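Novice: The structure is given below, and queries will be raised subsequently.
The values are calculated or read from the model by the stated rules, or taken from the named source; none is laboratory data. This is a predicted model, so every value here is computed, not measured. Here the Cβ positions follow ideal geometry from the backbone for every residue, glycine too, while neighbour counts run over all protein chains shown. Ligands, DNA and RNA are excluded from the accessible area calculation, which covers all protein heavy atoms including side chains. Shrake-Rupley method; radii C 1.70, N 1.55, O 1.52, S 1.80 Å.
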Amino acid sequence: WKDGYGGMTSNGSIVGYDSPAGGTFCETSIVHGGRQSMPLRYRNIAPISYSEVERTWIPPQNWTLYGADVLSLYFRGDPNANTPDTLYLTVKDFGGHAATVKHPEAAVAAGEWQQWTIPFSDLGVNAAQIQSMLIGIGDRTNPKYGSGTLFVDDIQLIRRPKP
């Protein structure tokens with residue numbers, strides 16, 4: 001995951017911890033599944049109005065294999081420390097099309113693990129040719145400055161059950 005660390009003036013994100021605990025930069029105590037989650041620290045302080053991390057795939061990924069039609073991820077914040085803000089996800093396909101979906105709530109303050117499911121049909125991109133995915137916090141056009149840490153875990157592609 002590429003973050004905003006290292007002098008970017010428009011992106012206030014940092015993935016992982018500065019000092020690896022137990023040999024990893026990931027979170028090993030606050031996890032939804034498995035042994036670690038991704039801490040995404042955000043610092044949206046003027047002039048920075050958003051924080052986002054990006055994962056790029058070469059070659060592009062076919063998310064439709066085995067009938068998958070939904071992107072699912074779990075996230076959790078700290079309601080006592082995080083400034084509420086917009087959580088969004090952007091997916092780009094190999095053809096250059098991009099789609100952004102915003103979580104309907106100020107999700108970064110959720111103190112318990114929340115599942116966010118996004119049907120491919122809501123993305124409007126070629127799900128068989130995914131080039132990159134961004135997870136972001138903030139709003140580029142209407143900033144609400146603040147900071148905190150969001151934990152992301154269990155990013156997966158799933159198939160909706162048939163009715």
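Novice: Looking only at residues in the stretch 119-128 that are assigned to a loop (DSSP other than H, G, I, E, B) and open to solvent by less than 70 Å² (accessible area, probe 1.4 Å), which one is nearest to G148 (Cα to Cα)?
Specialist: In this case the residue turns out to be L123.
Novice: Just to be sure before I move on: is D93 without any contact (Cβ under 8 Å) to a residue 60 or more places away in the chain, of a type outside the set (A, V, I, L, M) and surrounded by 15 or more Cβ atoms within 10 Å (Cβ to Cβ) in the structure I sent?
Specialist: yes
Novice: Could you run through the stretch 105-148 and say how many residues are of a type in the set (V, I, T) and in contact with a Gly (Cβ under 7 Å, 6 or more places away or on another chain)? If you could, list the steps in order and put the result at the bottom.
Specialist: The first filter runs over the stretch 105-148 and keeps only residues of a type in the set (V, I, T), leaving 108, 117-118, 125, 130, 135, 137, 141.
In the following step, the residues that additionally are in contact with a Gly (Cβ under 7 Å, 6 or more places away or on another chain) were identified as 108.
Of the residues in the stretch 105-148, 1 are of a type in the set (V, I, T) and in contact with a Gly (Cβ under 7 Å, 6 or more places away or on another chain).
Novice: Within the stretch 36-69, count every residue that is outside any loop (DSSP other than H, G, I, E, B) and small (G, A, S).
Specialist: Number satisfying all stated conditions: 3.
Novice: Continuing with the same structure: Tally the residues that are open to solvent by 60 Å² or more (accessible area, probe 1.4 Å), under 26 Å from F94 (Cβ atoms) and over 15 Å from the mean Cα position of the chain (by Cα), restricting the search to the stretch 29-61.
Specialist: Adding up the residues that qualify gives 3.
Novice: Follow-up. Can you work out which of the residues in the stretch 1-20 that are among the β-branched types (V, I, T) and touching a Phe, Trp or Tyr at 6+ places or on another chain (Cβ under 9 Å) is modelled with the highest pLDDT?
Specialist: Here the answer is V15.
Novice: Moving on. Quick check, is D139 charged (D, E, K, R) and at pLDDT 90 or above?
Specialist: Considered against the rule, which asks whether it is charged (D, E, K, R) and at pLDDT 90 or above, D139 comes out as no.
Novice: Here is a follow-up. Which of the residues that make up the stretch 98-118 are open to solvent by less than 60 Å² (accessible area, probe 1.4 Å) and over 21 Å from R160 (Cα atoms)?
Specialist: Passing the criteria: A106, A107, V108, A109, A110, G111.
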